[in-house]
Amino acid sequence: MDDLSRTPVGPSLWITVRDALRGTRLDYTTAPVGRAVITLAVPMVVEMAMESIFAVADVFWVAHLGADAVATVGLTESMLTLIYTAAMGLSIGATALVARRTGERDPEGAARAAGQSILLGLGVAAAIALLAAPSAPALLRLMGASPEVIRSGGGFTRIMLGGNATVLLLFLLNAVFRGAGDAAIAMRVLMMGNLLNIVLGPCFIFGLGPFPRLGVAGAAVATNVGRGTAVLYQVTMLAVGRGRVRIARRHLRLDFHTMRSVLRLSGLGTFQILIGTASYIGLVRILSIFGSPALAGYTIGMRVILFALLPAFGISNAAATMVGQNLGAGSPERAEHAVWAAARYNMAFLGVVGLLFLAGAPLIAALFTADPAVQPFAIACLRIVSLGFVFYACGMVLTQAFNGAGDTWTPTVINLFVFWLWEIPLAWWLSAHTPLGAHGVFIALTVSYSTLAVVSAVLFRRGAWKTRRV
């Protein structure tokens with residue numbers, strides 16, 4: 001068996017993990033594929049976990065202020081979902097272009113792609129801030145907030161929407177680091193931002209020591225300070241060239257040719273993610289006919305499932321970087337080997353998680369609710385959806401592989417077909433026209449995950465992505 005299929009085992013695996021966390025330099029176009037994938041994936045998995053902590057920390061401290069404060073955070077997070085979608089979509093283009101130029105041994109091209117991605121991110125952030133921040137009370141009202149929530153929480157929403165640049169740039173610049181192969185830097189950035197957010201949160205919320213007591217708005221201040229400091233660290237790393245990409249002032253001048261590529265990849269990437277995100281709204285609408293217990297059970301189950309999927313997204317991002325760099329280096333077969341290696345790791349991980357959900361669903365549901373009407377739905381959601389985890393693990397990696405190759409069109413079409421033309425009609429038919437009821441929605445999720453994997457695998461094997469130019 002050659003280096004392309006060799007996977008670190010035993011002590012060498014732990015050495016690889018240690019080196020990954022330390023940020024040891026590795027050439028991802030020549031190193032053994034197994035080691036390269038793990039070296040990229042480990043810090044990316046930690047990075048995904050760090051991103052989830054931001055929202056958890058806010059809710060934890062704000063919960064001490066009462067239900068209205070928690071409602072403010074929840075409603076604002078619903079609005080921020082669109083910003084997260086834009087950030088993740090813009091990141092797809094940044095990762096693909098930087099990875100390809102890095103593989104081509106073109107540091108100037110990588111820096112130019114990074115610079116144009118930053119300009120695009122700043123433009124989008126400015127537009128959102130100017131339009132959304134002044135309208136914070138109206139947006140809360142549109143979301144169904146009570147007058148008391150609007151009065152007490154309008155400042156939180158205004159600050160979060162006005163400071164959305166910290167979200168967009170944090171995602172974008174970490175995408176640059178990931179595309180270049182500096183996944184450990186991206187990991188450290190989010191660790192720093194999280195630490196500041198956790199420490200400053202109670203200080204600004206409750207007015208500890210010299211800090212002003214800002215209430216729920218203090219959570220927004222702490223989050224933006226934490227993210228903003230992390231962004232400054234990212235910019236410093238890029239400016240001094242501590243990673244593989246170094247950005248100078250000339251790279252921040254508008255370059256129409258490169259910007260066109262960034263817009264094409266990022267625009268489709270944003271639409272691709274929006275398709276998947278919006279499909280959950282359709283499923284919630286179908287579930288609503290079965291009452292609050294079904295909706296509550298689904299909400300609990302999917303929150304747990306999405307949290308468990310975060311590490312899998314990290315492994316999938318590693319595949320995107322491997323594909324981009326190896327295509328740039330003129331090694332499409334090596335890129336393909338890397339994708340299947342990442343798919344095996346992801347399938348093994350989510351397979352274990354799926355077994356844990358099957359066995360422990362009642363215990364997990366009991367941690368979130370004691371309501372006997374809600375628990376059965378939460379348990380059914382966890383068990384039924386987890387049956388498709390192995391398939392979804394493969395589909396996630398293949399989707400990111402297409403994106404890493406710069407072929408954002410293929411996964412966009414797949415998402416449109418699988419989630420809107422297949423999943424939602426199937427969920428409606430199974431729930432409304434069979435005795436399955438609400439369980440039909442959970443089954444539709446599992447079937448769609450499996451379909452995503454099969455369709456992606458067929459198209460991936462055809463190999464058209466290997467000749468994609470970016």
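Count Lys and Arg as plus one, Asp and Glu as minus one, and take only other residues whose Cβ is under 14 Å from that of residue 306; the net charge is then -1.
Here's the picture: charge each Lys and Arg Cβ at +1 and each Asp and Glu Cβ at -1 in the chain, and of 93, 50, 455 the one pushed furthest to the positive end of that dipole is 93.
Computed over neighbours whose Cβ is under 14 Å from that of residue 317, the net charge equals -2, Lys and Arg +1, Asp and Glu -1. Its Cα centre serving as origin, region 31-254 has a Cβ charge dipole (Lys and Arg +1, Asp and Glu -1) of approximately 780 debye. Of the three principal axes defined by the Cα atoms of region 264-470, the extents in descending order read 58, 30, 25 Å. Count Lys and Arg as plus one, Asp and Glu as minus one, and take only other residues whose Cβ is under 14 Å from that of residue 246; the net charge is then +3. Couplings 3J(HN,Hα) for region 228-236, derived from phi with the Karplus relation 6.51 cos²θ - 1.76 cosθ + 1.60 (θ = phi - 60°), are x, 5, 4, 5, 4, 5, 4, 4, 4 Hz, where x marks Gly and Pro. A dipole drawn for region 31-254 from +1 and -1 charges on Cβ atoms has a positive end, and of 218, 110, 32 the residue lying farthest that way is 110.
Remark: relative contact order (the chain) = 20 percent; criterion is Cα-Cα distance under 8 angstrom and separation of 6 or more residues. Applying the Karplus relation 6.51 cos²θ - 1.76 cosθ + 1.60 with θ = phi - 60° to region 441-456 yields 3J(HN,Hα) values of 5, 5, 5, 4, 4, 5, 5, 5, 4, 5, 4, 4, 5, 5, 4, 4 Hz, where x marks Gly and Pro. Taken about its Cα centre, the chain carries a charge dipole of roughly 1060 debye when the Cβ of each Lys and Arg holds +1 and the Cβ of each Asp and Glu holds -1. Available extension along the chain between residue 421 and residue 284 is 47.7 nm, counting 0.36 nm per residue and deducting the alpha carbon span.
Bear in mind these aren't lab numbers, they're just calculated from the coordinates by the rules spelled out. Since the structure is predicted, the reported quantities are computational estimates derived from the model, not experimental observations. Methodologically, a virtual Cβ is constructed for each residue, glycine included, from the backbone with ideal geometry; neighbour enumeration extends over all protein chains shown.
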